[in-house]
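Only one structure is covered here, and it is reproduced in the block below.
Please treat every number below as a calculation from the coordinates, not as lab data. Here the structure is a predicted model, which is why all the values come from computation and not from measurement. Every residue, glycine among them, receives a Cβ derived from its backbone with ideal geometry; neighbour counts consider all protein chains shown.
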Amino acid sequence: MRCAPTYHSPEDGLLTVTRPYFSDLFARIRRRGPFKKGEIAAFVVGLSAAYVFGIRWNHGMADFAVNYRAGQRIVHGETLYQTADGHYMFKYFPSAALIYAPFTALPVEVAMAVWFLLSLAAFIGIFRIIHRLVPKRQNAYPLIIAGAVLAKYILHELRLGQINVFVTLVMLASLEALLGAPMWRAELIAGALAGVAVAIKPYAAILVLYLLVTLRWRSVIGALGALGLCLLLPSAFYGVAGNLGELREWASTLSGSTPALLTNVDNVSVLAFFTKWLDPVRAVQPTLVVLGVLAALTMAVIVAGWRRRDACVLEGALLLTLITLISPLGWDYNFMMALLAVTMIVNSRWAFPAPVRWFLAANFAIVALALYDTMGRVAYGAFMRWSVTTINFGVVILALAYLRFRKVG
């Protein structure tokens, strides 16, 4: 459809159409292996530092422990959603619990170490995909700069042992597959990957909606098929009726627990922003207005790039950034999914007027340096209570829209 396989040509500096990316990928893996030596070294250093800090010193990976328990429950056919778990109740589809079932064969400490290793490998995959999605690098090291801006979110993701890194990897792989369109196989692969991402975390449904809006019917069919299959898999442990009961229980417990979490300082969604500033009742109307504006802006960006071969790259960056803002439970560390967006903005910073460049630099500095250690307890507490981060990434959304309307990205 709108996106074709475009890759950077080192000979002439232009974008050229080549054979499908996945064929090249498998050929490179057969020749040199999946990772470069520098990536392996960074992987080992990162694993050692993050594991020591996250697990041994900071008693981290609390979220992994919750999901590990869900894996134990699904293996034994027990209900996943138990109110006695309180804040640490499992909040995803039953299909997501299946991911953790194999880890239950290991002691929890060993399982944490394995999960850490896999998470770091997933981050390497994310950086490599983004490196390919932004081939015309206009500035030195835009991806490294973007990684530094979002480093605190990446480290927080690792410390919690969350699964967002894997969902992000799958969604980015789906976007990259769209660059193989209009080949029917690439479209189906892109859709299937989007469906798998939804089965892991429902917020990925925004990508399926994007496929629908952009009339990629094969991808939509692939997404619905993959999602349906994934949601059906837990029937092996619960039976069909039991699995449907678990899905109903998921919807009930999620809707019941959400209101209490809207005032959590780490929740930076649009709804949480207005709930903190106003109250739960008065927050509804301005939230709907802002979400409507974001929806209209997203549609305008899509229409403006309708005939672009690579339109899905910037649009995907926009969607990945929007997820945290529009999800009622949008935790701040979920903004690690904005890595593609920040990379594109840094890479194209000369497309902005000088005052805007300085403003964006200040915005990214606030994102990177807004830490408990740099601000202190009082200032950092106020920063999070005021949900300033929500505004920071609202600026990112506007910057992406500017690039599309300027026909830069």
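Quick notes
- Cβ-based exposure ranking for Cys312, Cys230, in which fewest neighbours within 10 Å come first: Cys230, Cys312
- The distance between label points at Leu117 and Met183 comes to 3.3 nm (points 7 Å beyond Cα on the Cα→Cβ vector).
- Distance between modelled label sites at Ala300 and Arg385, nm, 7 Å Cα→Cβ extension: 3.5 nm
- Relative contact order, whole percent, for segment 19-405 stands at 18, derived from Cα pairs under 8 Å and 6 or more residues apart.
- Spin-label pair Phe405-Ala260: with each label point 7 Å from Cα along the Cα-Cβ axis, the two points sit 4.3 nm from one another.
- Pairs spanning more than 25 Å between alpha-carbon atoms, out of Lys136/Lys201; Lys91/Lys276; Lys276/Lys407; Lys136/Lys407: Lys136/Lys201; Lys276/Lys407.
- Look at Phe335, Phe166 and count the other Cβ atoms within 10 Å of each Cβ; fewest to most, that gives Phe166, Phe335.
- Whole-Å distance, taken between Cα centres, linking segment 118-174 and segment 337-404: 17 Å
- Descending Cα extents along the principal axes, segment 248-377, whole Å: 45, 42, 26
- Shape of segment 19-405, Cα gyration tensor, a/c cut at 1.5: rounded
- Using R0 = 22 Å, the C-beta based FRET efficiency linking Phe359 and Arg132 works out to 0.15.
- Per-residue Cβ neighbour counts within 10 Å put Asp373, Asp332 in the sequence Asp373, Asp332, beginning with the fewest.
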